[in-house]
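Let me begin by presenting the structure, written as structure tokens, before commenting on it.
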Amino acid sequence: MLGTIGAALTPIIDLIYPPRCPLCGEGMADQTGVCGPCWLKLDIPGEPACTACKRPFRDGVAQPGSLCVPCLAARPRHDGIAAATLYNDASRRLVLTFKHGRRIGLARALGRMMAARLSDAEGEWVIVPVPLHPRRLWSRGFNQSALLAREIARIRGEPLEIDALVRRKYTAPLRGLGKKARARALSGAIRIRPGKADRIRDRQIILVDDVLTSGATSNACVSALKNAGASKVVVACFARVLDDALNPSLDIDPA
């Protein structure tokens, strides 16, 4: 019913608010994402890639089953990363417009791009967003990861456990912190919400976040989900910052 009403109102909304590309401002046929020229500015991950985390091998040469250097040093606890884009200026502007510019309507386009990268996630899955601390949620007014998770659940037709994880400890923005400092800040911060363990146990989980930086936040979430008995956890993000590009001065706030 709601979908029918939304479809009927679309021409009126487009008349009042003409669709425009969120990156360059050029007019578009509908509110579906970015224009063609801006799409070409996005860096889409490809193959060959690390077997464990799907980090692209930039030299384009790898044997089947190859692992990247970070995964060789410490095998991740997650079961793969599905990133819609690699973090660059275009994806950064999209994320900032979505999250800090409060363009929550972008969740549909970003979520659709993320869902397209989850084609290998076969079988039954539960969609779980990375949580915000109540204080952060109150100040922002929405959880961007929850909006993306809702869109992915809708596209895939799978259950959404929007509050399965809870952020018990408030952490200051992690911008400017290195990888180890981020991990220390998030130690003990994320837990399974009481009463939700039965929804996680023995299930395959798609953990949803907008930006994956050092992996500290997602690692804390993955640990909580695996400790609650999740059989598999795949991390889905819109933009992934590769370690060799991660700089504490980057204008990223993964919360």
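Would you call residue 174 closer than 22 Å to residue 239 by Cβ, open to solvent by less than 10 Å² (accessible area, probe 1.4 Å), in contact with a Pro (Cβ under 9 Å, 6 or more places away or on another chain) and at pLDDT below 95?
Values: closer than 22 Å to residue 239 by Cβ: yes; open to solvent by less than 10 Å² (accessible area, probe 1.4 Å): yes; in contact with a Pro (Cβ under 9 Å, 6 or more places away or on another chain): yes; at pLDDT below 95: yes.
Yes; evaluated as a whole, the condition is true for this residue.
Tally time: how many residues in segment 64-97 are of a type in the set (S, T, N, Q) and over 20 Å from residue 46 (Cα atoms)? Reasoning before the result, please.
Within segment 64-97, the first condition is being of a type in the set (S, T, N, Q), and the residues that meet it are 66, 85, 88, 91, 97.
Then drop every residue that is not over 20 Å from residue 46 (Cα atoms), which leaves 97.
Looking only at that region, the number is 1.
Which of the helices (runs of 4 or more DSSP H) found entirely inside segment 21-135 contain at least 3 residues meeting this: closer than 22 Å to residue 242 by Cα, out of contact with any Asp or Glu (no Cβ under 9 Å at 6 or more places or on another chain) and of a type in the set (D, E, K, R)? Before you say what the answer is, go through the steps one by one.
Values: elements: 36-39, 69-73, 89-99, 107-116.
Ranges flagged: none.
Hey, could you check segment 218-244 for residues that are in contact with a helix residue (DSSP H, G or I) (Cβ under 8 Å, 6 or more places away or on another chain) and of a type outside the set (Gly, Ala, Ser) and say which is most open to solvent (accessible area, probe 1.4 Å)?
So in segment 218-244, the residues in contact with a helix residue (DSSP H, G or I) (Cβ under 8 Å, 6 or more places away or on another chain) come out as 219-220, 225, 228-230, 233, 235-239, 243.
This time we only want the ones that are of a type outside the set (Gly, Ala, Ser), so: 219, 225, 233, 235, 237-238, 243.
Numbers: 219: 77, 225: 0, 233: 0, 235: 2, 237: 0, 238: 2, 243: 54 Å².
Of everything passing the filter in segment 218-244, 219 is most open to solvent (accessible area, probe 1.4 Å).
Residue pairs, Cβ under 9 Å, 6 or more apart or interchain, first in segment 81-104 and open to solvent by 50 Å² or more (accessible area, probe 1.4 Å), second among the polar types (S, T, N, Q). List them.
Close Cβ pairs satisfying both conditions: 103/97; 104/144.
Tell me which residues, restricted to segment 154-166, are outside any loop (DSSP other than H, G, I, E, B) and open to solvent by less than 10 Å² (accessible area, probe 1.4 Å).
Taking segment 154-166 as the starting set, the residues that turn out to be outside any loop (DSSP other than H, G, I, E, B) are 154-156, 160, 165-166.
Across segment 154-166, the qualifying residue is only 165.
Please enumerate the residues belonging to segment 203-217 that are among the hydrophobic types (A, V, I, L, M, F, W, C), assigned to a strand (DSSP E or B) and open to solvent by 10 Å² or more (accessible area, probe 1.4 Å). Explain how you work it out, then say what you get.
So in segment 203-217, the residues among the hydrophobic types (A, V, I, L, M, F, W, C) come out as 205-208, 211-212, 216.
Next cut, assigned to a strand (DSSP E or B) only: 205-208, 211-212.
Once the filter is applied, which keeps residues that are among the hydrophobic types (A, V, I, L, M, F, W, C), assigned to a strand (DSSP E or B) and open to solvent by 10 Å² or more (accessible area, probe 1.4 Å), segment 203-217 yields only 212.
Condition first: over 30 Å from residue 49 (Cα atoms) and outside any loop (DSSP other than H, G, I, E, B). Now tell me which residues in segment 136-153 satisfy that.
Initially, segment 136-153 is screened for residues over 30 Å from residue 49 (Cα atoms), giving 136-143.
If the condition is that a residue be over 30 Å from residue 49 (Cα atoms) and outside any loop (DSSP other than H, G, I, E, B), then 136, 137, 138, 139, 140 are the ones that fit.
Name every residue in segment 180-196 that is open to solvent by 30 Å² or more (accessible area, probe 1.4 Å) and closer than 22 Å to residue 127 by Cβ, in order of residue number.
Listed by number, the residues that qualify are 191, 192, 193, 194, 195, 196.
The values are calculated or read from the model by the stated rules, or taken from the named source; none is laboratory data. Source: prediction; values computed, not measured. Quick reminder, even Gly has a Cβ in these numbers, built from the backbone with ideal geometry, and neighbours come from all protein chains shown. The area values use the complete protein model at the heavy-atom level, side chains included, leaving out ligands, DNA and RNA. Shrake-Rupley method; radii C 1.70, N 1.55, O 1.52, S 1.80 Å.
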